[in-house]
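One structure is given below, encoded as structure tokens.
The values are calculated or read from the model by the stated rules, or taken from the named source; none is laboratory data. Please read these numbers as outputs of a predicted model, since none were measured by experiment. Positions of Cβ are backbone-derived with ideal geometry, glycine not excepted, and every protein chain shown enters the neighbour counts.
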Amino acid sequence: MHNKLTSWRQQSRLHCLHSSSKSELNLKVLEIDKKFLESTLREQSHSQLHGGWIGKCPYCAISDKTKKKQAYLTPRETGYVFHCCACEITQTTFHFLAGSQGNSKAQDYAQARWDAGELCGGGWNCPLPQKVRKHLLNEKEQRRLAYRLADQQRKEENYRRKYCTD
Ligand SMILES: [Zn+2]
């Protein structure tokens with residue numbers, strides 16, 4: 001418990017140190033979100049009131065009961081958030097794209113965030129794109145292999161030094 005608290009304090013201190021650059025990165029995220037969220041709602045239009053978009057929910061807009069209720073795409077500090085007042089779903093941009101546009105669209109989005117400066121993965125509200133994750137895993141695997149080979153070589157060398165005198 002105590003350790004957890006200490007590390008949380010350290011993290012928040014780190015966060016303060018980097019807060020200015022972090023908010024610049026958040027602006028980049030908002031730009032990418034905006035691009036990908038274009039025409040994802042039915043009858044999508046800009047909302048003067050909250051600075052995002054308003055329209056019909058792609059999940060539930062078909063039924064008569066929910067016709068009058070609105071769905072929103074609202075810019076928050078860390079990216080856009082989807083919310084539908086009829087089905088009461090709230091999602092980050094990544095999950096909204098995956099749910100309403102399909103996984104390949106969501107992957108394109110995650111890739112765009114990665115390409116813009118690795119704005120995904122741990123600490124972000126968007127996972128690493130699958131391609132990158134695979135690549136990183138491969139690298140880890142390669143390192144492990146290289147380490148194992150070097151270790152083996154060292155053992156062989158030691159063995160030779162010990163038993164083979166020329
Ligand atoms: Zn809905």
(message) Can you find a residue that is over 22 Å from His50 (Cβ atoms), more than 10 Å from the ligand (Cβ to nearest atom), at pLDDT 95 or above and polar (S, T, N, Q) anywhere in the stretch 82-93?
(response) no
(request) Return the pairs, sorted by first residue and then second, in which the second residue is within 9 Å of the ligand (Cβ to nearest atom) and among the basic types (Lys, Arg), the first residue lies in the stretch 67-91 and is without any contact (Cβ under 8 Å) to a residue 60 or more places away in the chain, the beta carbons are less than 7 Å apart, and the residues are 6+ apart or on different chains. (result) Ala71/Lys56; Cys85/Lys69; Ala86/Lys69
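Residue by residue, here is whether (1) crowded, with 16+ Cβ neighbours inside 10 Å; (2) more than 15 Å from Arg42 (Cα to Cα) holds:
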| position | (1), (2) |
| --- | --- |
| Cys60 | yes, no |
| His83 | yes, no |
| Thr92 | yes, yes |
| Phe96 | yes, no |
| Ser100 | yes, no |
| Tyr109 | yes, yes |
| Ala116 | no, yes |
| Trp124 | yes, yes |
| Pro129 | yes, yes |
(request) Report yes if Ser100 is within 14 Å of the ligand (Cβ to nearest atom), part of a helix (DSSP H, G or I), at negative phi and more than 16 Å from the chain's Cα centre (by Cα), otherwise no. (result) yes
(request) Could you check Thr74 against (1) of a type in the set (Ser, Thr, Tyr); (2) within 16 Å of the ligand (Cβ to nearest atom); (3) in a helix (DSSP H, G or I) and say which number it fails? (result) (3)
(message) Filter the stretch 140-166 down to the residues that are surrounded by fewer than 10 Cβ atoms within 10 Å (Cβ to Cβ) and not in a loop (DSSP other than H, G, I, E, B) and list them by number.
(response) Arg161, Lys162, Tyr163
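Here is a yes/no grid of residues against (1) in contact with a strand residue (DSSP E or B) (Cβ under 7 Å, 6 or more places away or on another chain); (2) assigned to a strand (DSSP E or B):
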site	(1), (2)
Asp33	yes, no
Ser39	no, no
Gln44	yes, yes
Gln48	no, no
Gly51	yes, no
Lys68	no, no
Tyr80	yes, yes
Ala86	no, no
Ser104	no, no
(request) Would you tally the residues in the stretch 25-64 being among the aliphatic types (A, V, I, L, M) and closer than 21 Å to Asp108 by Cβ? (result) 7
